[in-house]
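The block underneath contains the structure these notes are about, expressed in structure tokens.
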Amino acid sequence: MARAAARLKAGGTSLKVLAGSGVVRPFGPRTLYRLARTVLTWGTGPAGGFATLAVRYPDRVGLIDEIGALTFGELHARSNALADALKGRGVGEGDGVAVMCRNHRGFLDASLAVAKLGADVLYLNTAFAGPQLVDVLAREKPRIVIHDEEFTGLLAGAEVENRILAWVDGQTDEPTLDRLIEAGSRAEHPAPQRHSRVIILTSGTTGTPKGAPRNEAGIDAAVSLLSRMPLKHGWTTHIAAPLFHTWGYAHLALSMLLGSTMVLTRRFEPEQSLALTARHRCDSMVVIPVMLQRILNLPEETLRRHDLSRLKVVAASGSALPGDLALNWMDHFGDNLYNIYGSTEIAYASIATPQDLRASPDSAGKPPHATVVRIFDDAGEPLPVGESGRIFVGNGLLFEGYTGGGHKEVVDGLMSSGDVGRFDRDGRLHVEGRDDEMIVSGGENVFPREVEDCLSRHELVVEAAAVGVEDPDFGKRLRAFVVTSADIGQDELKDWVKANLARFKVPREIVFLDELPRNATGKVLKRELAEFS
């Protein structure tokens with residue numbers, strides 16, 4: 001009885017969230033019948049989601065990239081043609097197809113076509129090094145690799161016989177997506193017996209990237225985000241975050257439900273991103289935190305040149321918001337920033353609204369609908385509010401285990417995020433760092449995140465990172481790496497940390513760099529910093 005009541009309540013919440021976002025809309029009987037048949041046939045993944053958009057809004061612009069605009073009807077027809085051509089090249093149900101594309105129509109063409117064949121799509125990180133790519137492809141063994149021409153050299157060492165070029169900068173005799181789309185049949189395909197899986201790779205900041213597969217998330221994933229982030233039906237959204245990453249892909253998936261127009265560009269450039277958002281009158285913008293930093297580093301006259309008054313939601317995820325970045329952004333562009341904490345494995349754990357960020361800029365906010373977050377000690381026992389421990393998450397979006405074997409630790413049905421954090425008295429989650437980054441300095445626990453945030457708040461520090469190194473007096477201390485906007489001495493920055501944090505948290509040394517090493521999703525490559533001598 002209690003379970004039935006809980007399910008009824010959850011269903012009511014989902015309906016309320018979807019209605020508030022404008023997803024629940026009136027359609028005629030014929031359209032409703034076609035929608036129901038499409039979902040029953042194709043499911044709620046990319047194949048079914050974009051097929052329903054072709055039924056609901058065939059003439060609405062669904063995608064704008066550097067080539068131009070495509071309607072939902074055109075996207076559906078193009079992916080039908082490409083699926084037909086890929087089938088002719090031997091791609092079938094259960095096969096793997098690797099995609100290494102930047103943000104453009106080819107990414108979507110490939111994703112939809114592969115899904116329509118019941119094959120699995122493996123998204124490759126465009127910033128991976130050649131050896132990483134070779135290792136991943138040797139492990140996953142895709143039948144075909146679809147990639148932008150610029151990555152041909154990186155993929156040269158991989159043992160993949162069948163390759164198709166997506167974005168091409170000049171003339172080529174190699175097979176391309178455009179040629180396959182032109183040659184394939186645009187007729188409707190019979191649905192496969194199995195639904196496609198999406199395999200997103202972990203960031204690879206600590207070793208060889210792992211594949212984290214997901215089946216169709218359905219409506220629950222969207223309701224989770226929409227319960228604390230007010231995205232609306234029919235908005236135009238500039239997805240600046242990489243589509244191959246969990247966060248960029250999440251908004252591609254959301255567009256299936258919301259009927260959003262996606263504005264894409266292959267490479268992120270700060271001013272170009274502002275210009276695109278203003279020119280297309282975007283309602284929302286999807287970013288990773290380093291993009292916000294790069295935008296705010298533009299001259300004030302450049303920031304004022306672009307009208308972002310229509311922008312209602314800036315959705316950030318992928319890494320922590322350093323220092324006072326949240327406050328600086330909202331002071332410039334209004335209270336439109338939402339920070340999402342999660343990972344490839346656990347999906348979305350918490351969402352910080354503008355109100356959360358104003359009250360506590362370093363918080364990760366509160367868990368969204370149908371999500372449970374608990375703080376456990378090393379023995380798996382729950383900790384009270386205010387005490388730091390390991391973060392565990394439960395929702396309907398947890399991944400199934402890595403493709404190469406292995407899994408995240410699970411306690412009482414909740415999965416480890418790999419981070420350490422605490423809840424404050426207002427119910428906001430504070431993420432203090434990776435559980436494997438903590439060092440013991442002078443008998444005290446120290447997390448790099450606290451020191452990084454302190455350094456980032458100095459007016460001359462653009463960004464900062466820290467790693468643990470051996471220290472003869474304290475056992476271990478942090479070595480900090482900073483990018484500054486003007487000359488400043490190491491001692492002055494140490495004094496700044498000393499004035500704001502405990503003495504044992506002061507870095508042993510501070511190294512000045514022109515930029516921090518990052519991957520394509522904006523995460524600092526701590527492994528490279530740890531090897532710095």
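The values are calculated or read from the model by the stated rules, or taken from the named source; none is laboratory data. Given the structure is predicted, the values throughout are model-derived calculations rather than measurements. All Cβ positions, even for glycine, are placed from backbone atoms using ideal geometry, and neighbour counts span all protein chains on display.
Considering only residues that are modelled with pLDDT under 95 and under 21 Å from Thr202 (Cβ atoms), look in segment 295-320 and name the one that is surrounded by the most Cβ atoms within 10 Å (Cβ to Cβ). Of everything passing the filter in segment 295-320, Ser317 is surrounded by the most Cβ atoms within 10 Å (Cβ to Cβ). Kindly indicate the residue of segment 292-331 that is of a type in the set (Lys, Arg) and part of a helix (DSSP H, G or I) and also nearest to Ala520 (Cα to Cα) among those meeting that condition. The residue in question is Arg294. Residue count for segment 275-291, restricted to those that are within 21 Å of Met229 (Cβ to Cβ), at pLDDT 95 or above and out of contact with any strand residue (DSSP E or B) (no Cβ under 6 Å at 6 or more places or on another chain): 1. For Ser224, the criteria (1) hydroxyl-bearing (Ser, Thr, Tyr); (2) part of a loop (DSSP other than H, G, I, E, B); (3) modelled with pLDDT of 85 or more; (4) crowded, with 16+ Cβ neighbours inside 10 Å hold in every case but one, which is (2).
Exactly one residue out of Ile181, Ile144 is in contact with a helix residue (DSSP H, G or I) (Cβ under 6 Å, 6 or more places away or on another chain) and of a type in the set (A, V, I, L, M), and it is Ile181.
Determine whether Ala77 is outside the structural domain of Pro517 (by TED's automatic domain parsing), hydrophobic (A, V, I, L, M, F, W, C) and either surrounded by 20 or more Cβ atoms within 10 Å (Cβ to Cβ) or at pLDDT 95 or above (or both). Taking the combined requirement at face value, the residue satisfies it. Applying the criterion of at least 3 residues that are of a type outside the set (Val, Ile, Thr) and modelled with pLDDT under 95 to the strands (runs of 3 or more DSSP E) found wholly in segment 161-216 leaves 211-214. Checked against (1) out of contact with any helix residue (DSSP H, G or I) (no Cβ under 6 Å at 6 or more places or on another chain); (2) in a loop (DSSP other than H, G, I, E, B); (3) buried (at least 20 other Cβ atoms within 10 Å of the Cβ); (4) not β-branched (Val, Ile, Thr), Arg390 passes all but condition (2).
For segment 283-291, the count of residues that are in a loop (DSSP other than H, G, I, E, B) and farther than 20 Å from Val61 by Cα is at least one. Inside segment 362-377, residues that are modelled with pLDDT of 90 or more and in a loop (DSSP other than H, G, I, E, B) make up a count of 8.
Considering segment 487-533, the residues that are of a type in the set (S, T, N, Q) and at pLDDT 85 or above include one that is surrounded by the most Cβ atoms within 10 Å (Cβ to Cβ), namely Asn500.
For segment 254-289, the tally of residues that are among the small types (Gly, Ala, Ser), surrounded by fewer than 22 Cβ atoms within 10 Å (Cβ to Cβ) and within 30 Å of Val39 (Cα to Cα) stands at 1.
Tell me which residues, restricted to segment 495-533, are assigned to a helix (DSSP H, G or I) and either under 30 Å from the mean Cα position of the chain (by Cα) or within 30 Å of Ala316 (Cβ to Cβ) (or both). Once the filter is applied, which keeps residues that are assigned to a helix (DSSP H, G or I) and either under 30 Å from the mean Cα position of the chain (by Cα) or within 30 Å of Ala316 (Cβ to Cβ) (or both), segment 495-533 yields Trp496, Val497, Ala499, Asn500, Lys505, Lys526, Arg527, Glu528, Leu529, Ala530.
Taking each residue of segment 83-111 that is closer than 23 Å to Thr126 by Cα and crowded, with 21+ Cβ neighbours inside 10 Å and looking for partners that are at pLDDT 95 or above and of a type in the set (Asp, Glu) with beta-carbon atoms closer than 8 Å, six or more apart or interchain, yields Gly96/Asp120; Val97/Asp120; Met100/Asp148; Cys101/Asp148; Arg102/Asp148; Asn103/Asp65; Arg105/Asp65; Gly106/Asp148.
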